[in-house]
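Report on one structure; see the data block that follows.
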Amino acid sequence: MTDVQTFAGPADLHLHSNQSDGTENPGQVVRQAHAHGIRTVALTDHDRTTGWDEAGHAAAALGMTFIPGMELSAKHQWRSVHVLGYLFDPENTALRAETGRIRDDRVGRAERIVRNIGRDYALSWADVLEQTTTDATVGRPHIADALVARGIVRDRSEAFDGILHPREGYYEPHYAPDPLTAVRLITQAGGVAVIAHPVTSGRDRMMPLAYIEELIAAGLGGLEIDHRENTEAGKRTLRQLAAKHDLIVTGSSDYHGAGKPNLPGENTTSEEMVARIISQASGTAPRYP
Ligand code: AMP
Ligand code: FE
Ligand code: FE
Ligand code: ZN
């Protein structure tokens, strides 16, 4: 259990930098959050923690509270599931091994997608590398940026609605643990696990409630309910579930810089819920101003 000191509000707990698929470096992300009125900020790059130090320094310089985080890739059957982890120990061996495995497999998978696309469009792996910060977690957003640079699509959204959509036939999956494993890894590393945007494309894409209850039994701390991609009906279902199990409820922007229309602070997390995250975590301390 961590001491909860006075932290600055309002809080946005889900933002990406160019350490994964955001377009800005970690310091810029924090400064953008500040410019949008945010005073407690988390950095949650996909499957990596390398942005923490830079983001933490930027937050300190602005008198903000910094919550180190990550968005861990998982998969339930065919569904991609994202599990946010907060305040876990970044040196935890099991978690490090798993994120390393996911990142490694993402590279080969991205190369396979590019090879598939290259059969029909003028796109090469070198184009993707040009769009990717050294060492960043590679994903379809970088392929989207390469398609934009090549003039094949206008923006990331058009790429995801078209060429990168699984129905177009170029898609390849990457390795990811099941959500139960993801929740256990984060929790055992002293972190708090929160399911990101659990109802993005309608009810048929949501994990079955009984499975979410298994995750809760395994230590799941909370649900990200206020997120622009959650459906209104889904939010109602999730609020009932959160009340039933006394879960943490968060709201966040999922900012990706210029990569998505999402803006810092478009959804926020209450002070009470930030305090619950901090007090439940034991892996690493928040960086207070
Ligand atoms: P991947 O993990 O490589 O399959 O890519 C999924 C990532 O693409 C997610 O983390 C999202 O941030 C991003 N993404 C998904 N849909 C869109 C979209 N319509 N526009 C921009 N980015 C998107
Ligand atoms: Fe992303
Ligand atoms: Fe996500
Ligand atoms: Zn995200």
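Table for the structure above
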{"read-out": "Phi to ³J(HN,Hα) by Karplus 6.51 cos²θ - 1.76 cosθ + 1.60 over region 74-89, Hz, x for Gly, Pro", "value": "9, 8, 10, 6, 8, 7, 7, 10, 10, 10, 6, x, 10, 6, 8, 7"}
{"read-out": "Simple label model, 7 Å out from Cα along Cβ direction - S157 to T134, nm", "value": "3.5"}
{"read-out": "Difference of contour (0.36 nm per residue) and Cα-Cα distance, S279 to A60", "value": "76.8 nm"}
{"read-out": "Label-to-label distance, nm, for residues given as E168 and Y121 (7 Å Cα→Cβ offset)", "value": "0.4"}
{"read-out": "For region 109-168, size of Cβ-based charge dipole, Lys and Arg +1, Asp and Glu -1, in debye", "value": "220"}
{"read-out": "Cα point-scatterer Debye curve for the chain, base-10 log of I(q)/I(0) at q = 0.09 Å⁻¹", "value": "-0.40"}
{"read-out": "Segment R205-A35, length gained on full extension (0.36 nm per residue, minus Cα span)", "value": "57.8 nm"}
{"read-out": "Percent of C-alpha pairs per 5 Å bin, region 109-221, short to long", "value": "2, 11, 17, 17, 14, 13, 14, 9, 4, 1"}
{"read-out": "Listed residues G108, A35, A61: farthest to the positive end of the dipole of the chain (Cβ charges)", "value": "G108"}
{"read-out": "Within the accessible area of the chain (1.4 Å probe), percent carbon and sulfur", "value": "46"}
{"read-out": "Residue of V41, V153, V29 that the Gaussian network model of the chain assigns the largest fluctuation, springs spanning Cα pairs under 10 Å", "value": "V153"}
{"read-out": "Hull-based mean projected area of region 140-201, where the convex hull spans the alpha carbons, in square nanometres", "value": "5.7"}
{"read-out": "Amide H partners (placed H, <5 Å) of G257, local residues excluded", "value": "H16, T23"}
{"read-out": "Given charges at beta-carbon only (K, R positive; D, E negative), |dipole| of the chain in Debye", "value": "440"}
{"read-out": "Separation in nanometres of the label points that stand 7 Å from Cα toward Cβ, at L263 and D89", "value": "4.2"}
{"read-out": "The chain: calculated mean residue ellipticity at 222 nm from DSSP helix runs of at least 4, using -39500 (n - 2.57)", "value": "-11500 deg cm²/dmol"}
{"read-out": "Partners for K235 among lysines (Cα-Cα distance below 18 Å; same-chain residues under 8 apart left out)", "value": "K244"}
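The values are calculated or read from the model by the stated rules, or taken from the named source; none is laboratory data. Predicted model only: the values in this text are computed from it and were never measured. Here the Cβ is made from the backbone with ideal geometry for all residues, glycine too, and neighbour counts use every protein chain on show. What goes into the accessible areas is simple: the full protein's heavy atoms, side chains included, and nothing from ligands, DNA or RNA. Shrake-Rupley method; radii C 1.70, N 1.55, O 1.52, S 1.80 Å.
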